[in-house]
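First comes the structure, then the notes that go with it.
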Amino acid sequence: MLKIAICDDNGDIIKELTDFINEYGRNNNLDFEIYAFNDGEELLISEQKFDLIFLDIEMKRINGFEAAEHIRENDMNVPIVYITSHNGYFERAFKVHAFEYITKPLKQERLLRVMNDFFAAKRDTNEAVIQVLTNDGFISIKLNDIYSFNYEDKRKVYMYLEKERLLLRENMQDIYDKLDKTQFYMTRRDCIINLRYVHTLRNDYVIVMKNEMLMPLAQKKKDEFMKKISSVFIEKLKGQKI
C-alpha cells in the first residue's frame, strides 16, 4: 500500500485532494494510505516514510520550502508535489527537487496528470544496456543495475553494482561518453554516479548512495548536481524513462 502525505493549512484542500486520490485508487484498483498534516512542522515530526508528498508552500510556522529542505536531508528521492496560489515560486520549487508544481484552485485534469506521471515514473521499464570492457572481454550490463564508476588502486576503474564490483579496462571519460546524461553524472573526474540511486547529500559535498557508499562531489559542481537531481523527475515528465 502506497503512503501519501498531504500537508496544507487549508482543510478544504486536504479534503479535495483526499477525495481525488481515493477516487483515483478506486478507478485504478490501487490502495492508498493517506496522512494529513496542517503545517510543515507536523509533517516533519512524523516518523512515517512516504511514497508521495503533496506540500503547500505558504504555511505558518514552517512553510513548504523549509519543510522540503529538511526532508531532502534524509531523502533525495521522494516525489514532492508543491501546491500554491501563486506562480512565482516555480523556479525555487525545482531547486528543492520538485516532482510537480500545481496552483490553486486545484483542477481535476491537473491532478490526474500528476498521479499518472507519478506511476509512470515508478515503473522500471528501462532495459537499456551498456557494453563495458573487462579482463574477460566485453560484457553487457543494464544501466539500472549500475550504481557508480570509481577510480581506485592507482587509477583503475571499477564499476559498482548493488552487490558486486567489476574491474574495467576503460578510462572514465570514455565510459561517461557512452552513458545517458539524464541518468548518470560525473561528480568529479574520478567518480560517476547513477542519479536514481542517490540517497542524500551529507555536509554539502559527500553523496550518500542507496548502497551506503559515499561519493565525492566537487565543490564547483554542487549547484549543477542539485539541478540534475531535480531533472531526474523533470525528464520523466517529458516522457523519458530512466
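The values are calculated or read from the model by the stated rules, or taken from the named source; none is laboratory data. In this text, all values refer to a predicted model and were calculated from it rather than measured experimentally. All Cβ positions, glycine included, derive from the backbone under ideal geometry; neighbour counts span all protein chains shown. In case anyone asks, the SASA skips ligands and DNA or RNA and just uses the protein heavy atoms, side chains included. Shrake-Rupley method; radii C 1.70, N 1.55, O 1.52, S 1.80 Å.
Points to keep in mind about this one:
- Summed over the range 142-160, the residues that are assigned to a strand (DSSP E or B) and buried (at least 16 other Cβ atoms within 10 Å of the Cβ) give a count of 9.
- Of the criteria (1) surrounded by 12 or more Cβ atoms within 10 Å (Cβ to Cβ); (2) modelled with pLDDT under 90, which one Lys221 fails: (2)
- Test: residue in the range 17-33 that is in contact with a strand residue (DSSP E or B) (Cβ under 7 Å, 6 or more places away or on another chain) and closer than 29 Å to Phe225 by Cα: no
- Being charged (D, E, K, R) and either modelled with pLDDT under 90 or crowded, with 16+ Cβ neighbours inside 10 Å (or both) is not true of Lys107.
- Only listed residue being surrounded by fewer than 16 Cβ atoms within 10 Å (Cβ to Cβ) and of a type in the set (A, V, I, L, M), chosen from Leu112, Leu166: Leu112
- Criterion violated by Thr18 - all others in (1) polar (S, T, N, Q); (2) part of a helix (DSSP H, G or I); (3) modelled with pLDDT under 95 satisfied: (3)
- Candidates Glu224, Glu212, Glu170, filtered to the one that is on the phi > 0 side of the Ramachandran plot and of a type outside the set (Phe, Trp, Tyr): Glu212
- Selection within the range 43-62: residues that are crowded, with 17+ Cβ neighbours inside 10 Å and more than 21 Å from the chain's Cα centre (by Cα). The member of this set that is farthest from Leu112 (Cα to Cα) is Ile62.
- Residue list for the range 61-86, filter: without any contact (Cβ under 8 Å) to a residue 60 or more places away in the chain, assigned to a loop (DSSP other than H, G, I, E, B) and either touching a helix residue (DSSP H, G or I) at 6+ places or on another chain (Cβ under 9 Å) or hydroxyl-bearing (Ser, Thr, Tyr) (or both): Arg61, Ile62, Asn63, Val78, Ser85
- When Asp190, Asp136 are screened for being among the acidic types (Asp, Glu), out of contact with any Ser or Thr (no Cβ under 8 Å at 6 or more places or on another chain) and open to solvent by 50 Å² or more (accessible area, probe 1.4 Å), only Asp136 passes.
- Filter result for Leu195 (more than 23 Å from Val157 (Cα to Cα) and surrounded by 18 or more Cβ atoms within 10 Å (Cβ to Cβ)): no
- Of the residues making up the range 107-119, one or more are among the charged types (D, E, K, R), touching a residue at least 24 places away in the same chain (Cβ under 8 Å) and assigned to a helix (DSSP H, G or I).
- Looking only at the range 185-218, residues that are assigned to a strand (DSSP E or B) and free of Cβ contacts under 8 Å to residues at least 24 places away in the same chain come to 6 in all.
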